[in-house]
There are 2 protein chains.
Amino acid sequence: MPTPPPSSPAAAGTSDVEVETLTAVFQVQEMTADTDPVLCVLLGHDTDGPWTLPGGAVAADATLETSARRAVADSVAIANIAHLEQLAVFSDPHRLPGTRTIASTYLALVPSDVPTELPHASAWHPVDALPTLAFDHAEIVEAARHRLAAKLSYTNIAFALAPSRFPMSQLSEIYCAALGYAVDTTNLLRILSRRAVVVATGTVGKTGRSGGRPPALYAFADKQLRVTDEFATLRPPM
Amino acid sequence: MPTPPPSSPAAAGTSDVEVETLTAVFQVQEMTADTDPVLCVLLGHDTDGPWTLPGGAVAADATLETSARRAVADSVAIANIAHLEQLAVFSDPHRLPGTRTIASTYLALVPSDVPTELPHASAWHPVDALPTLAFDHAEIVEAARHRLAAKLSYTNIAFALAPSRFPMSQLSEIYCAALGYAVDTTNLLRILSRRAVVVATGTVGKTGRSGGRPPALYAFADKQLRVTDEFATLRPPM
């Protein structure tokens, strides 16, 4: 039988299954005034328990994505999530003890100029110095970081990490925090300009610590995710 | 409460949920000898019911991906699936009547030189001329096609649709079938060669219908998905 009868798609041999959402919410933050900014992830915890990603059971009246947004909203206002996308589903039969629980996971990004205060029992943690996390949550953070790094290379996803206007040196620091290695600011500006991913705003910012001329400020051309380098030959006819 | 207690991650207010997999299996096929090849999707059906994507309930002993592969294997041997990846999760509370069923969906690709025979009750259908599909299965086919088209533009994913060796005119037809519009064979070769996605094999194929010299045969350099155009500045240090 190649397919189940449409009237009972999950009838054959199903064991009890629960479905939860888990979201890795990232923000690039300056931990101290004189160190480079780092990629941080939002974690919560209850008394004495390990730290966990925000999430919970899928709501009876909502899709998984809406359930994920609601769970994050306990800590970060929905309006401050500049981008949210599905990551892989984690479905190892033994990922949790007890009833089998399948996790639909998400990546969410918060711009670096959004205030970082959180309610009690939540905190931002540098991704490179995580505390002990529950179950497979550390693996989910890793998958989210991997997806972010990949998309930085062929999309404009950095719009969701950057402030609304920025000197290129600051954007370079954001790429560096998210990728885990330094990028050359001049090359970054050249590529992102040529692809019309960032545009000059015609304004200048404050002079940096090292003095000199006030830096030109840039902004992302789009605030929606798009692939920034489709093959020229593969573009649909106009 | 920002996160559920780790010991009962899906405790609060869960209704009954079932989880199924559904996979859009694509192959580019020549429907007749004198028409261009088209993108086809694997469908099954029971007596009188609408057509469905291959799938079924998540197996108690397996991950969703393994469950998806097993469901496809009723029609197409696992070894003939050159690439399989997760698509979005479909979780509308009312996508199916009865018990809430969440679908974890997949895109699977079969090279065009794999024989196309199928067991009874399964058939390949051109994506542009689908019969009536059950529930949201047509929407899932559309999402799979959209993902495929996007990835053709920034990855080597066509390796999973192409035969092991091919003249560029044939690869161009495969791109055209998958994208829904014509691509220029010369430009395609130029870009895919420059990015080292396809390589010349040093062999030639049969002379085409229009006569002339036998065409050079090419092959994909990799048989694993990779992003083919990371920004040069974003590559990790060696």
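Taken together, the values in this text are just the output of simple stated rules run on the coordinates, not laboratory data. All values derive from a computational prediction rather than experimental measurement. Ideal geometry is used to build each Cβ from the backbone, glycine not excepted, and the neighbour counts take in all protein chains shown.
For B:GLU30, what is the net charge nearby, where nearby means another residue's Cβ is under 12 Å from its Cβ and Lys, Arg count +1, Asp, Glu -1? My count for the surroundings of B:GLU30 gives -4.
What number do you get for segment B:79-124 when its Cα radius of gyration is normalised by 2.2 N^0.38 Å, N = residues? Provide the component values of the computation, followed by the final result.
Values: Rg = 14.9 Å, N = 46, 2.2 N^0.38 = 9.4 Å.
Expressed relative to 2.2 N^0.38 Å, the Cα Rg reads 1.58.
Backbone amide hydrogens, once placed in the peptide plane, bring B:ILE102 within less than 5 Å of B:GLU18, B:VAL19, B:GLU20, excluding anything fewer than 5 places away on its chain. Taking the axis that rotates chain B onto chain A, the chain B residue nearest to it by Cβ, with the distance rounded to whole Å, is B:TYR154, 2. Backbone geometry of segment A:213-226 corresponds, through the Karplus equation with coefficients 6.51, -1.76 and 1.60 at θ = phi - 60°, to 3J(HN,Hα) couplings of 6, x, x, 5, 9, 10, 8, 6, 5, 10, 10, 10, 4, 8 Hz, x marking Gly and Pro. Remark: segment B:107-115, residue by residue, has Karplus-estimated 3J(HN,Hα) of 10, 10, 10, 10, x, 6, 8, 7, x Hz, where x stands for each Gly or Pro and the curve is 6.51 cos²θ - 1.76 cosθ + 1.60 at θ = phi - 60°.
Highest GNM mean-square fluctuation among B:ALA149, B:ALA129, B:ALA138, for chain B modelled with Cα contacts below 10 Å: B:ALA129.
With only Cα atoms counted, segment A:112-238 has Rg and Dmax values of 17.1, 53 Å. For segment B:155-220, the share of alpha carbon pairs falling in successive 10 Å distance bins from zero is 21, 57, 21, 1 percent.
A Cβ-based charge dipole, computed about the Cα centre of the protein assembly as shown with Lys and Arg at +1 and Asp and Glu at -1, lands at about 2020 debye.
The Cβ shell under 10 Å around B:ALA62 holds other residues with a net charge of -1, Lys and Arg each +1, Asp and Glu each -1. Counted residue by residue at 0.36 nm each, then reduced by the alpha carbon distance between them, the extension gain from B:GLU142 to B:ARG70 reaches 23.7 nm. If R0 equals 30 Å, the separation of the Cβ atoms of B:ALA216 and B:TYR181 corresponds to a calculated FRET efficiency of about 0.75. Across the options A:ILE81, B:GLN170, B:ALA149, the greatest Cα extent toward the positive end of the charge dipole of the protein assembly as shown (unit charges at beta carbon of Lys, Arg, Asp, Glu) belongs to B:GLN170. The phi torsions of segment B:75-83, fed into the Karplus equation with coefficients 6.51, -1.76 and 1.60 and a -60° offset, translate into couplings of 10, 10, 4, 3, 5, 8, 8, 7, 7 Hz, rounded to whole numbers, with Gly and Pro shown as x.
Counting only DSSP beta bridges with both residues in the protein assembly as shown, what percent are antiparallel, rounded to the nearest 5?
Bridges in the protein assembly as shown that DSSP calls antiparallel: roughly 70 percent.
Remark: chain A carries a charge dipole of roughly 1160 debye about the Cα centre, counting +1 on each Lys and Arg Cβ and -1 on each Asp and Glu Cβ. Translational diffusion of chain A was estimated from the Stokes-Einstein equation, with Rh taken as the Kirkwood radius over Cα pairs; at 37 °C and 0.692 mPa s the coefficient is 165 µm²/s.
Positive-end ranking of A:SER104, A:THR35, A:PRO215 along the dipole of chain A, with charges on Cβ about the Cα centre, is headed by A:PRO215. What does the charge count near B:SER91 come to, summing +1 for each Lys or Arg and -1 for each Asp or Glu among other residues with Cβ under 10 Å from its Cβ? Local charge sum for B:SER91: 0. Using the Stokes-Einstein relation with a Kirkwood hydrodynamic radius computed over Cα pairs, the translational diffusion coefficient of segment A:17-153 at 10 °C and a viscosity of 1.306 mPa s comes to 104 µm²/s. For segment A:146-238, chymotrypsin sites (Phe, Trp or Tyr not before Pro) are listed when DSSP marks them as loop and at most 14 other Cβ atoms sit within 10 Å of their Cβ; the list is A:TYR181. Between this copy and the others, label points of B:ASP128 are 5.1 nm apart in ascending order, each placed 7 angstrom from Cα in the Cβ direction.
The angle between the Cα long axis of helix A:137-154 and the longest principal axis of the Cα atoms of chain A comes to about 40 degrees, rounded to the nearest 10.
Can you put B:HIS83, B:HIS137, B:HIS94, A:HIS125 in order of Cβ neighbours within 10 angstrom, beginning with the fewest?
On the way: B:HIS83 21, B:HIS137 25, B:HIS94 7, A:HIS125 16.
Listing B:HIS83, B:HIS137, B:HIS94, A:HIS125 from fewest to most nearby Cβ atoms yields B:HIS94, A:HIS125, B:HIS83, B:HIS137.
Each copy carries a label point for B:GLY202 at 7 Å from Cα toward Cβ; from one copy, the others' points are 6.0 nm away, ordered from shortest.
Specify the longest stretch of chain A that does not include any exposed loop site, a site being one of the trypsin sites (Lys or Arg not before Pro) with a non-H, G, I, E, B DSSP assignment and at most 10 other Cβ atoms within 10 Å. The partial results should precede the final answer.
Values: sites that count: A:LYS206, A:ARG209.
It runs A:1-205.
In this structure, the amide hydrogen of B:CYS40, modeled 1.01 Å from its nitrogen in the peptide plane, lies closer than 5 angstrom to those of B:GLN27, B:VAL28, B:GLN29, B:VAL127, counting only residues at least 5 positions away or on a different chain.
Loop-resident GluC sites (Glu not before Pro) (DSSP state other than H, G, I, E or B) in segment B:116-185 with no more than 14 further Cβ atoms inside 10 Å of their Cβ: B:GLU117. On a per residue basis, the convex hull of the C-alpha atoms belonging to the protein assembly as shown measures out at 167 Å³.
Amide H to amide H distances under 5 Å link B:ALA88 with no residue, where only residues 5 or more positions off or on other chains count and H is placed in the peptide plane.
Binning the C-alpha pair distances of segment B:183-227 at 10 Å intervals from 0 yields a P(r) profile of 24, 47, 25, 4 %, listed from the shortest bin outward.
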